[in-house]
1. Please give the number of the condition S169 fails out of (1) of a type in the set (G, A, S); (2) at pLDDT below 95; (3) more than 22 Å from G65 (Cβ to Cβ).
2. Report, by residue number, each residue of region 156-171 that is of a type outside the set (V, I, T) and in contact (Cβ under 8 Å) with a residue 12 or more places away in the chain.
3. Please enumerate the residues belonging to region 49-75 that are more than 14 Å from the chain's Cα centre (by Cα) and within 19 Å of V35 (Cα to Cα).
4. Looking at (1) under 21 Å from N134 (Cβ atoms); (2) modelled with pLDDT of 95 or more, which is the one condition that is false for V91?
5. Would you please list the contacts, defined by Cβ atoms under 6 Å and residues six or more apart or on different chains, that run from a residue in region 119-140 that is outside any helix (DSSP H, G or I) to a residue that is modelled with pLDDT under 95 and of a type in the set (S, T, N, Q)?
6. If I ask for residues that are over 11 Å from the mean Cα position of the chain (by Cα) and closer than 13 Å to L123 by Cα, which ones from region 83-103 would you list?
7. What's the total number of residues in region 89-131 that are closer than 21 Å to L153 by Cβ and of a type in the set (S, T, N, Q)?
Amino acid sequence: MQFDRWVSYPELTLHLRILGGFISVLWGLELADTVIFRGRLNRFGILPRRWIGLRGILFAPLLHGNLRHLSVNTVPLVVLGWLILVRSTPVFIWVTVGVWLVGGLGVWLLAGPKSNHIGASGLVFGYLGFLLTNGYVEQSGVAIATATLAGLLYGSTLWGVLPLRRGVSWQGHLFGVITGGLCAYYLPQLQRWLPALPELTRL
C-alpha cells in the first residue's frame with residue numbers, strides 16, 4: 001500500500017491540529033499550574049477509592065508534577081499518537097477515550113491508598129499497548145510494521161508497568177497498556193457495531 005494512498009496532506013494537517021492542540025493544552029495548563037497556581041491543580045488527580053478522586057479520571061492526564069514530567073511524556077505522546085492517527089482519526093479517538101476513562105477507572109479501583117495519580121503517561125502506554133496488540137490481531141503488513149516501529153522506539157518503557165520506582169504511577173502505566181490492548185482486540189467488533197465508521201478498518 002502506498003503511503004500517499006492512505007494519508008493525504010489534509011489528513012496530515014488534521015493530525016497536526018489534533019496533536020498540536022492537545023500538547024498545547026497540556027503545556028498551557030502546566031505552565032499556569034507552575035507560575036500561577038504553584039502546583040495546586042495537582043490535587044485534581046486520581047485519588048484511589050475516594051469519591052472525590054473520581055474527578056481525577058477526567059483531569060489526571062492533563063496534569064503533571066512539573067515541566068520535566070510533562071517534557072518526558074510529550075515526545076512519545078506525539079509519536080505514538082500520530083502512528084494511530086495515521087491509521088484513522090476515529091481509531092485514535094476510540095483508543096484515547098478508552099484508555100483515558102477505563103484505564104483511569106482501573107487506577108481508581110486498584111491503586112494504593114493515599115496516593116495521587118497524575119500525568120499523560122497512561123495515554124502513552126495505552127497507545128503503545130494498542131499498536132503492539134493491533135499488529136498481532138490484524139496481522140497486515142502495515143500493522144505489523146507499525147507495531148515493530150513502536151516496539152523498537154518505546155518497547156523498553158514497558159518496564160514501567162512494574163513497581164520499580166517510587167513516585168511513579170506504575171498502575172497508570174499498567175492499566176494504560178491493558179486498556180490499549182483491549183481497544184485493539186475489540187476494534188473489529190466495534191466496526192461491526194458502528195458500520196457508519198468504515199474508516200476504522202482503513203489500513
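The values are calculated or read from the model by the stated rules, or taken from the named source; none is laboratory data. The structure presented is a predicted model; accordingly, all values stated were derived computationally and were not measured. As a convention, Cβ positions derive from the backbone with ideal geometry for all residues, glycine included, and neighbour counts pool all protein chains shown.
1. Only one criterion in (1) of a type in the set (G, A, S); (2) at pLDDT below 95; (3) more than 22 Å from G65 (Cβ to Cβ) is unmet by S169, namely (3).
2. Scanning region 156-171 gives L158, G160, S169, Q171.
3. H64, G65, N66, L67, R68, H69, S71 - these are the residues of region 49-75 that are more than 14 Å from the chain's Cα centre (by Cα) and within 19 Å of V35 (Cα to Cα).
4. (2)
5. Note: no pairs meet the criteria.
6. Correct list: V102 only.
7. Of the residues in region 89-131, 2 are closer than 21 Å to L153 by Cβ and of a type in the set (S, T, N, Q).
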